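Structure record follows, encoded as structure tokens.
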């Protein structure tokens, strides 16, 4: 199946959770905000949310400083 | 002829001097400003002139101050911001500068939250003063904002924000400004607020350390209701410290994003 990840097509195995995708991409869930189909989701739901064909995912990485 | 004196309409005689108007309306004024420039008492006034009479050291009354402050706002802006409530999470380098900018713009109510105390090391970039060292930042900033614009109401929350109290602290904020220091705290705040208030905008900052080009700091829409100001990559680290110029650029991107949202405009583009 195919999802749109940060604006680009991305091939995935059916049933992959968002947490599994972040792990594959070596992204630390404590440093990223995840928007799934235009809704920001909390880190507690990353593992339980599985991706479907055609889903849209925006992953915004944050760095420290303020 | 018609002129304004301290932003109120007045009728003046043709060829009346600025000094004559002063003597009539505010005889104890010791500064006369005509159309934005200092003027002598002999200056002849023209129809439509804007005269401001100032007595040095005098704090204007509430109505007069309101007229004087709002006179510098672009028409329509004051009306759009004076009843707004904006939340600011963290009042360090970003948050203190954002609060000052929004107070000067006339935003009616600011909710500021931070657990931190003013330390000497903060003074390289944060809007605090030597005589505020040791005070909780939120109380020091509330005092400063009141000195800038007494019409701004500030709700100061001296606490550490966490997923359990964010809704209570910022429940009335129509827009939330994320101005934390640590990346994981930025993420925690955004996740929590967005999950509870998905229709409200969040303006966040990421990537403003060091002294790289100011032009690399941008405002982007990175999710449906999430606007990110910064270069997105330059983290605070040993050798790449946080400094007033670049932190200030990012802070004012955030403040301008808030203003554009309040005016119904997209923060990230011209439309």
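The values are calculated or read from the model by the stated rules, or taken from the named source; none is laboratory data. None of these values were measured; they are calculated from a predicted model. Here Cβ is always computed from backbone atoms with ideal geometry, including for glycine, and neighbour counts include all displayed protein chains.
With the checklist (1) within 14 Å of chain A (Cβ to nearest Cβ); (2) touching a helix residue (DSSP H, G or I) at 6+ places or on another chain (Cβ under 6 Å); (3) part of a helix (DSSP H, G or I) in hand, flag the one item residue B:70 doesn't pass.
(1)
Taking the options B:194, B:179, name whichever one is under 16 Å from residue B:112 (Cα atoms), facing another protein chain (nearest Cβ under 7 Å) and at pLDDT 95 or above. It would help to see each step written out before you state the result.
Numbers: B:194 fails: under 16 Å from residue B:112 (Cα atoms).
Exactly one residue qualifies, and that residue is B:179.
When region B:93-111 is examined, which residues are found to be in contact with a helix residue (DSSP H, G or I) (Cβ under 7 Å, 6 or more places away or on another chain), buried (at least 24 other Cβ atoms within 10 Å of the Cβ) and closer than 19 Å to residue B:242 by Cβ?
B:93, B:94, B:96, B:97, B:98, B:99
Going by the conditions given, is residue B:267 touching a residue at least 24 places away in the same chain (Cβ under 8 Å) and assigned to a loop (DSSP other than H, G, I, E, B)? So that I can check it myself, show each step before the final result.
Details: touching a residue at least 24 places away in the same chain (Cβ under 8 Å): yes; assigned to a loop (DSSP other than H, G, I, E, B): yes.
Answer is yes for this residue.
Kindly state which strands (runs of 3 or more DSSP E) lie completely within region B:1-51 and contain at least 1 residues that are touching a residue at least 24 places away in the same chain (Cβ under 8 Å) and in contact with a helix residue (DSSP H, G or I) (Cβ under 6 Å, 6 or more places away or on another chain).
Values: elements: B:2-5, B:8-11, B:31-34.
In region B:1-51, the matching strands (runs of 3 or more DSSP E) lie at B:2-5.
For residue B:159, all conditions in the list (1) away from chain A (no Cβ under 14 Å); (2) surrounded by 21 or more Cβ atoms within 10 Å (Cβ to Cβ); (3) closer than 30 Å to residue A:31 by Cβ hold save one; what is the number of the exception?
Looking at each condition in turn, residue B:159 falls short on (2).
Of the conditions (1) in a helix (DSSP H, G or I); (2) surrounded by 15 or more Cβ atoms within 10 Å (Cβ to Cβ); (3) without any contact (Cβ under 8 Å) to a residue 40 or more places away in the chain, residue B:147 fails just one. Which one is it?
The failed condition is (2).
In this structure, is residue B:260 facing chain A (nearest Cβ under 10 Å), closer than 18 Å to residue B:101 by Cβ and part of a helix (DSSP H, G or I)?
On the way: facing chain A (nearest Cβ under 10 Å): no; closer than 18 Å to residue B:101 by Cβ: yes; part of a helix (DSSP H, G or I): yes.
When the stated conditions are applied, residue B:260 does not pass them.
Looking at region B:221-271 only, could you name the residues that are over 20 Å from residue B:175 (Cα atoms) and touching a strand residue (DSSP E or B) at 6+ places or on another chain (Cβ under 8 Å)?
Hits for region B:221-271 are B:231, B:232, B:234.
Collect the residues in region B:163-200 that are free of Cβ contacts under 8 Å to residues at least 40 places away in the same chain and in a loop (DSSP other than H, G, I, E, B), keeping them in residue-number order.
Once the filter is applied, which keeps residues that are free of Cβ contacts under 8 Å to residues at least 40 places away in the same chain and in a loop (DSSP other than H, G, I, E, B), region B:163-200 yields B:163, B:164, B:165, B:171, B:182, B:197, B:198, B:199, B:200.
Only one of A:15, A:66, A:7, A:54 is surrounded by 19 or more Cβ atoms within 10 Å (Cβ to Cβ) and in contact with a strand residue (DSSP E or B) (Cβ under 9 Å, 6 or more places away or on another chain). Can you tell me which? Walk me through how you get there before you give the answer.
Details: A:15 fails: surrounded by 19 or more Cβ atoms within 10 Å (Cβ to Cβ); A:7 fails: surrounded by 19 or more Cβ atoms within 10 Å (Cβ to Cβ); A:54 fails: surrounded by 19 or more Cβ atoms within 10 Å (Cβ to Cβ).
On inspection, the qualifying residue turns out to be A:66.
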